[in-house]
1. When residue 390 is evaluated against the numbered criteria (1) under 29 Å from residue 303 (Cα atoms); (2) not in a helix (DSSP H, G or I), which criterion, by number, is the only one it fails?
2. Of all residues in segment 266-278, count the ones that are touching a Leu at 6+ places or on another chain (Cβ under 8 Å), away from the ligand (no atom under 16 Å from the Cβ) and among the polar types (S, T, N, Q).
3. Out of all the residues in segment 210-249, which are open to solvent by less than 60 Å² (accessible area, probe 1.4 Å) and within 14 Å of residue 178 (Cα to Cα)?
4. (1) more than 16 Å from the ligand (Cβ to nearest atom); (2) open to solvent by 90 Å² or more (accessible area, probe 1.4 Å): which one isn't true of residue 102, the others all being true?
5. Just for segment 221-235: of the residues that are away from the ligand (no atom under 16 Å from the Cβ) and part of a loop (DSSP other than H, G, I, E, B), which one is nearest to residue 256 (Cα to Cα)?
6. Out of all the residues in segment 376-391, is one or more on the phi > 0 side of the Ramachandran plot and among the small types (Gly, Ala, Ser)?
7. Which of the residues spanning segment 422-440 are of a type in the set (Ser, Thr, Tyr) and open to solvent by 30 Å² or more (accessible area, probe 1.4 Å)?
8. For residues that are surrounded by fewer than 24 Cβ atoms within 10 Å (Cβ to Cβ) and either among the polar types (S, T, N, Q) or on the phi > 0 side of the Ramachandran plot (or both), tally how many sit in segment 250-270.
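The values are calculated or read from the model by the stated rules, or taken from the named source; none is laboratory data. Note that the coordinates shown come from a computational prediction; the quantities given were computed from them, not determined experimentally. Cβ: placed from backbone, ideal geometry, glycine included. Neighbour counts: every protein chain shown. Surface areas here come from the heavy atoms of the whole protein model, side chains and all, with no ligands, DNA or RNA. Shrake-Rupley method; radii C 1.70, N 1.55, O 1.52, S 1.80 Å.
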Amino acid sequence: MLSHSGASLQDRLRQLPSVDQLLKHPDIHELLSNVPRKIVVESLREVVEEARRQLLSSQEDPLPPVPSISELVQRASALCAQKNAFTLQPLVNATGIVVHTNLGRSLLAEEALQRLQVVCRTYSNLEYDLVNGRRGSRYVHAEAILREITGAEAALVVNNNASAVLLVLNTLAKGQEVIVSRGQLVEIGGSFRIPDVMAASGAILREVGCTNRTHLYDYERAIGEHTRLLMKVHCSNYRLVGFTAEVALEDLVRLARRHNLLVMEDLGSGSLVDIASVGLPQEPTAQHAVRAGVDVVTFSGDKLLGGPQAGIILGRKEIIALCKKNPLTRALRVDKMTLAALEATLRLYRDEPTAWRRIPTLAMIARPLESLKDQALRLAQRIQEAVGAPFMSVQVVESFSQVGGGALPERNVPTFAVAVSSKPWSANQLEKFLRANSPPIIGRIESDRFLMDVRTLQEGDPDIIVQAFARLKTEELR
Ligand SMILES: *Cc1c(COP(=O)(O)O)cnc(C)c1O
């Protein structure tokens, strides 16, 4: 095929450089020191191929010139960066949701991060009994500190709380009945539903009471020859308000004792400190469940506890021993990274003020309003300066943070946020632009403003935000 004027298609195709030629470019040379050769070559090949396709399908007359070498190199570099990027990457959480399951839940304390390095850089006694010089159990490692802090007789750590619930139900109540209040048949985001977990465990769910009210006599009437367990579930992500009634854990324990049954509590968030001490509404603690006499209680390691993902089971010695013997435990086992980080986190709870200070989840929840306000004012001013244009309105607004992770579902925590709105761009466009930043900045939209809650910002995050807004000045938003 000949072009009517100018060069023929064949001429143009011949002008395209080869991958080998491009590999000699100094920028590509430099790229090769950071990116595996395989990825560089693949990117160059794709870029040249794409240029060839464009020529072949071009309807333009005369044919457009082939892209310059530096243009092709630039495209290949960008492609390389994409291909070589980690999929799991850090981002800026400006949502104000402290325990955000989609954003990685709890941040680890410095002590936990250091312990991870210490334990994982070398061999360890993960399953080795140093006293007797033989095979040991990985489950001893976090157990001592858990017993110390909570007063429980025994403890077992598994992969997450969902597996803790599954394991306990399967161990104690397979083929038998478990009585649960209708008001507590909760679905946690990401498909954890009490009835489904119950079914998977082989236990038989026996619902009692009404959605809004369940009384002790409801449990009592449901007790029969197949009953094994009375179960209480923390209504993590919702709250019953109005005309409601729930049976106290202590009453459930008394009833169970009379009938020779066991009591289990799924605490969900499972705080180890009283969050009412920083002026927030009460959340049940693991210690409370132990003191109330439940036979077994389960909770997450990475919600209010502020540690790594884990499911913690506290309970009577015989019950924990049964759980350990269950073959399912092997399938749900934690790795050494979890145990190392968890033990280091738990040790911080030996001194409560230290826990509040050193565990990021607790420290963020406890941040004084004054400090949040100061930070929001400073950030707003820096953004305003960076944008420097009158078309953007940057304001500090009072707002509400959420604890997240199923703690305090609707009792939002007062906070301060920076609200940005602009003439040329909608809040949706701003949100999209900031989400595409590297690292991404995740906030929320409220009445056509983009809101950034400073409660969940980490060291260095304000700089990232300011730089993104400075870049916004020169960008065309789509
Ligand atoms: C969060 C939660 C779970 C699930 O815990 P994971 O650690 O996410 O597996 C189970 N039950 C309740 C009540 C919860 O709040």
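1. (1)
2. 0
3. 218, 219, 222, 223, 224, 227, 229, 230, 231, 232, 233
4. (1)
5. Of everything passing the filter in segment 221-235, 223 is nearest to residue 256 (Cα to Cα).
6. Checking segment 376-391: at least one residue is on the phi > 0 side of the Ramachandran plot and among the small types (Gly, Ala, Ser).
7. Answer for segment 422-440, where residues must be of a type in the set (Ser, Thr, Tyr) and open to solvent by 30 Å² or more (accessible area, probe 1.4 Å): 426, 438.
8. Number of matching residues: 1.
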